Each structure stands twice: as structure tokens, then as C-alpha cells.
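Below you'll find the structure, written out as C-alpha cells, and then a few comments.
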Amino acid sequence: MSETETATGIDDLRTFPNPFRGSIVGDPWKTTNDDSDVARIHQRVFESCCSAVDAARSNMGSAGIIINGEPGSGKTHLIGRLRKRLTDDLAHPTLERPRQAFAYVRLDTNASSLARHVRRKVADDLLRKIGGPNQFERLVLTRMMEVDNGDGHLALWWEYFRDERLDDSRELLTELCQQEGLSPAFVQVLNHMVARRHRLDVMGWLRGDSLTPAALGRIGIAAEETEDHPERVAERFLVDLMKLAGSKMPLVLCFDQVEALQTSADDVESIFAFGQ
């Protein structure tokens, strides 16, 4: 290679932006530097993740993928790309498009509070405002629309339902409860969500926050329903959420930094608890 060719090559590199500069990502919801998302990198893994979601939907079962890599190898960027693919930000989503719900859970907790941690992170992501109804609202309204034998645009159906038939929401949710075996407390909170009542109390309950007796009274939750062990309460919520999604709508949970659960290098009990 001649000296001229070398200089030209260096000049070309200087004019081409480095896609990874300033692209360290700690949260896949904050991947604002789209130039750093190079499709060719980890494309096979990305396609495997998408195929797992499609398989879960078509087989009406569960699927799991473990992604292992060194720090800085682009795992969170990959999850961010997956998040963009799987989250729907349309103002007027339709039932005709394949649907799923997506949540990212960084496991910066310990095994003794794992269910509570997962509940909070999943609720936070499903309640995020990403354009039109949030994921939780889309999830609930989609199932209500199915029970009501509706079709077309979800948000347009909801606008009509809210203006003309809001009193029917409890009946639809009760029917959904019977179909899926949802707990009465869960359905009670969903009814308030649909009617947009006591929104701060509803969000707090969904996240598993400790609510005052007055707040519990506003949303119609008996105090004794919160007296069980907090981990079991959180587990029941997660089971209800999966039942709500149903067999045709995958709930995609991306767990990051599983090793953070370990209290020491030889701690296998924490990993076993996560596996359970």
C-alpha cells in the first residue's frame, strides 16, 4: 500500500462517524443514538429472539433464550433493538397486527425480593407512555375488545366504548375474569384503570407499592388481601398478568445481569430461585 493510499484510507475513516461513540447503554428504553444500532451486529441472535416470540405465539406456549456475552459486547443494544421491534407506538393500533407486551428487568436485587422487583419493573414498563395507549392499557383493551367481539382499530373502538358504553366495562372484565381465572382484586383494579379513576392509586397498586388504608379503600381492595407475604402477593400479580395476556399474546420479559443476584461467586441458590 502506498503512502497516498494510506492517507486516503485514514481520511475516509475520519469522515465516517463511529457508530459506537457515546453509545454505552444502561437502559434499552433510552437507546436514542440510532446510528449505534448496526443491524449486522448480532443479527442472528436478534432474529432468534424474534423467532422465539413468534413460536410462543403460534404454539401458545412459552419460549426462552439465554444470551451470554462479555460486558460491552452490545447485549443491551440488542435488547433495545428488540424493544423497538416489539413495542407498538401507533396511536390507533389494530387487532389485525400481531401483538405482544415487552418489559425489561435489570436484576439489581436479591433473591429474597425477586418477585417484588420483577413486578415493579414489569409494571413500570407496561405503564410507560410510548404513543397512544400504554402497553398495559393496550393489553387490557385488546382482551376486552376480543370479549366484545369487536374489530378494527383498538383506540377508535375504545373512544367509542368510553363515550357510549363505559358502564359495560365491568361486565366485560368480569367475563374476562371468568375466562382466564383472574383474581377479583386484579379485576377490580383493572376496572378503575379502564374508567381512569384513582390513577395514582391504581399505578401504585400495579407496581406493588405500599398503599395507605384510604388508598386501598378508594380502589376497593380489602386490607386483608395485602397481609400475605409480599413475595407471594407479587407472584400472584405476575400470574394474573400472564393470564390476562392470554395464550395468543406473548409477554416478553428481558432479564439483564442475572449474575447480579448472586451474593458470591459460588452462590447457586440465587440462580436457582431465579430459575424457579
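The values are calculated or read from the model by the stated rules, or taken from the named source; none is laboratory data. In this text the structure is predicted, and so the values were computed from the model without any measurement. In this analysis, Cβ positions are derived from the backbone assuming ideal geometry, glycine residues included, and neighbour counts consider all displayed protein chains. Quick note on the areas: whole protein, heavy atoms, side chains included, nothing else; ligands and nucleic acids left out. Shrake-Rupley method; radii C 1.70, N 1.55, O 1.52, S 1.80 Å.
Among the residues of region 112-138, the ones that are among the small types (G, A, S), surrounded by fewer than 20 Cβ atoms within 10 Å (Cβ to Cβ) and at negative phi come to 2 in all. Of the residues making up region 232-268, those that are open to solvent by 20 Å² or more (accessible area, probe 1.4 Å), more than 21 Å from D27 (Cβ to Cβ) and not in a loop (DSSP other than H, G, I, E, B) are R232, V233, E235, R236, L238, V239, M242, K243. Evaluation of E5 against the conditions (1) exposed (fewer than 10 other Cβ atoms within 10 Å of the Cβ); (2) at pLDDT 70 or above shows that the sole unmet condition is (2). Remark: pairs (first residue in region 212-236, closer than 18 Å to R116 by Cα and modelled with pLDDT under 90; second residue aromatic (F, W, Y) and in a helix (DSSP H, G or I); Cβ separation under 9 Å; 6+ apart in sequence or on different chains) are absent. Taking the criterion of being in contact (Cβ under 8 Å) with a residue 12 or more places away in the chain, closer than 24 Å to S73 by Cα and of a type in the set (G, A, S), the only residue of region 239-276 that qualifies is A260.
Checked against (1) in contact (Cβ under 8 Å) with a residue 12 or more places away in the chain; (2) more than 24 Å from the chain's Cα centre (by Cα), D163 meets all criteria but (1). Of all the residues in region 64-86, those that are touching a residue at least 40 places away in the same chain (Cβ under 8 Å) and either among the small types (G, A, S) or crowded, with 16+ Cβ neighbours inside 10 Å (or both) number 10. Taking (1) open to solvent by less than 20 Å² (accessible area, probe 1.4 Å); (2) under 30 Å from T263 (Cα atoms) in turn, A155 satisfies each apart from (2).
Pick from T142, T174: which is among the β-branched types (V, I, T) and open to solvent by less than 10 Å² (accessible area, probe 1.4 Å)? Criteria check complete, one pass: T142. Yes or no: A52 assigned to a helix (DSSP H, G or I), surrounded by 10 or more Cβ atoms within 10 Å (Cβ to Cβ) and at pLDDT 85 or above? Here the answer is yes, as A52 does meet what is asked. Could you check region 179-207 and list, in sequence order, the residues that are on the phi > 0 side of the Ramachandran plot and surrounded by 15 or more Cβ atoms within 10 Å (Cβ to Cβ)? Hit for region 179-207 is H198, nothing else. Mind checking whether some residue in region 157-179 is farther than 30 Å from R116 by Cα and touching a Phe, Trp or Tyr at 6+ places or on another chain (Cβ under 8 Å)? Yes, the conditions are met somewhere in region 157-179.
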